[in-house]
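The values are calculated or read from the model by the stated rules, or taken from the named source; none is laboratory data. A quick note: this is a predicted structure, and the numbers were derived from the prediction, not measured. Here the Cβ positions follow ideal geometry from the backbone for every residue, glycine too, while neighbour counts run over all protein chains shown.
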Amino acid sequence: MLKLASSGPVFIAAARGYFAAEGIDAELRFFDAAQPIAVAAVAGGVDIGVTGLTAGFYNLAGKGALRIIGAQSREEPGYHLVAYVASNRAFAGGLAVLADLPGHSVAVTQVGSTFHYSLGLLAAKLGFPLARVRLVPLQSLGNMVAAVKGGQVDAALIPATLAVPLAARGDGHLLGWVGDETPWQVGAIFARAPLLHERRAAVAGFLRAYRRGARDFYAAFLAKGADGRPQDGKDAAACLAIIAGATGQAPDQIRNGIPYVDPDAALAASDIRRQVAWYQSQGLVDRSVDPDSLLDLSLIGGPAPR
């Protein structure tokens, strides 16, 4: 996983002994981008990934190596996961709204990343060719933040826990939020396919523990009040402290970037089909990949693999 608030359910499940209660000694391993997690899972370096879905993931999963077993984060209106951020130089030069992005450089972690896909959705919504934006793959979130701050790129898609303090320091300008513009199923829980056959009971235990953490996360941050806005629950401070300890970020920084996470890890399967079709249209995912064959949602009460 990545050291982001979207990994909060895992941090909570580990800290509160939910994995241990299932007989699982969970070792958390951190990466700087989502695509390498899928590669590590195929190589056997990790058993389960809890991160964003990428073109690289779909290509590997399409060969039978990985299966999606549940949901992680979603881009939803009113919840802040990833922001569009303009550099000061570009903002001063006229990049003031999202419709101004054509003709500018935009940093992403990698081609085929969740950031790339979000930008593709935005281009379709606003009616400009994605080719009019120059993608700059910088491999890590830290590199992207530094590039915006230094003016090496005009804009970037940056997670809220990094984007909000960047803007607060005056090192960039927030142009908008992906969830408000183009909601989609960003993250998932996936497992090595052999693990689902060899240690299925352990995977089921992992998911039970994860869902307990996700329900705590939801109750702490995501339930909406009478005004229709998310409000903190009584457990918010404790959950913030857990996430802060795991990520090394200040609680206030994390609170400004809490994403939507389904409390039951329920997956928007139709959105997986849309993602695969888009990546295939861009030549980033092999045409032979069948999105329905990548899913095994039976352990969270969904359909069994096809």
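General observations
- Qualifying residue in the stretch 140-151 (condition: more than 14 Å from Phe91 (Cβ to Cβ), out of contact with any Ser or Thr (no Cβ under 9 Å at 6 or more places or on another chain) and surrounded by fewer than 21 Cβ atoms within 10 Å (Cβ to Cβ)): yes
Condition check ((1) surrounded by fewer than 20 Cβ atoms within 10 Å (Cβ to Cβ); (2) of a type in the set (D, E, K, R)) across all residues:
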| residue | (1), (2) |
| --- | --- |
| Ser270 | yes, no |
| Val276 | no, no |
| Asp292 | yes, yes |
| Leu299 | no, no |
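- The stretch 232-274, subset touching a residue at least 60 places away in the same chain (Cβ under 8 Å) and in contact with a Pro (Cβ under 7 Å, 6 or more places away or on another chain), residue farthest from Val50 (Cα to Cα): Gln253
- Residue match in the stretch 186-198 (condition: without any contact (Cβ under 8 Å) to a residue 60 or more places away in the chain and in contact with a Lys or Arg (Cβ under 8 Å, 6 or more places away or on another chain)): no
- Yes/no for Phe11 being modelled with pLDDT of 95 or more and out of contact with any Cys (no Cβ under 9 Å at 6 or more places or on another chain): no
- Some residue of the stretch 134-143 being under 21 Å from Leu53 (Cα atoms), out of contact with any strand residue (DSSP E or B) (no Cβ under 9 Å at 6 or more places or on another chain) and part of a loop (DSSP other than H, G, I, E, B): yes
- Test result for Asp180, over 22 Å from the mean Cα position of the chain (by Cα) and among the charged types (D, E, K, R): no
- Leading residue by the ranking (modelled with the lowest pLDDT) among those in the stretch 247-306 that are acidic (Asp, Glu) and more than 19 Å from the chain's Cα centre (by Cα): Asp252
- Among residues of the stretch 88-130, those that are under 21 Å from Ala55 (Cβ atoms) and part of a helix (DSSP H, G or I), counted: 13
Let's see how each residue does on (1) in a helix (DSSP H, G or I); (2) assigned by TED's automatic domain parsing to the domain that holds Ala241; (3) in contact with a helix residue (DSSP H, G or I) (Cβ under 6 Å, 6 or more places away or on another chain):
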site	(1), (2), (3)
Phe11	yes, yes, yes
Ile24	no, yes, yes
Glu27	no, yes, no
Phe30	no, yes, no
Val42	yes, yes, yes
Gly56	yes, yes, yes
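- Ala34 meets the conditions (1) buried (at least 24 other Cβ atoms within 10 Å of the Cβ); (2) on the phi > 0 side of the Ramachandran plot in every case but one. The failed one is (2).
- Residues being crowded, with 18+ Cβ neighbours inside 10 Å and among the acidic types (Asp, Glu) - total across the stretch 278-290: 0
- Set side by side, the residues Gly23, Gly45 differ, and just one is closer than 24 Å to Ala202 by Cα, within 22 Å of the chain's Cα centre (by Cα) and surrounded by fewer than 15 Cβ atoms within 10 Å (Cβ to Cβ), which is Gly45.
- Tally of residues being without any contact (Cβ under 8 Å) to a residue 60 or more places away in the chain and either buried (at least 24 other Cβ atoms within 10 Å of the Cβ) or among the aliphatic types (A, V, I, L, M) (or both) across the stretch 48-87: 1
- Test: residue in the stretch 292-299 that is of a type in the set (Ser, Thr, Tyr), on the phi < 0 side of the Ramachandran plot and touching a helix residue (DSSP H, G or I) at 6+ places or on another chain (Cβ under 7 Å): no
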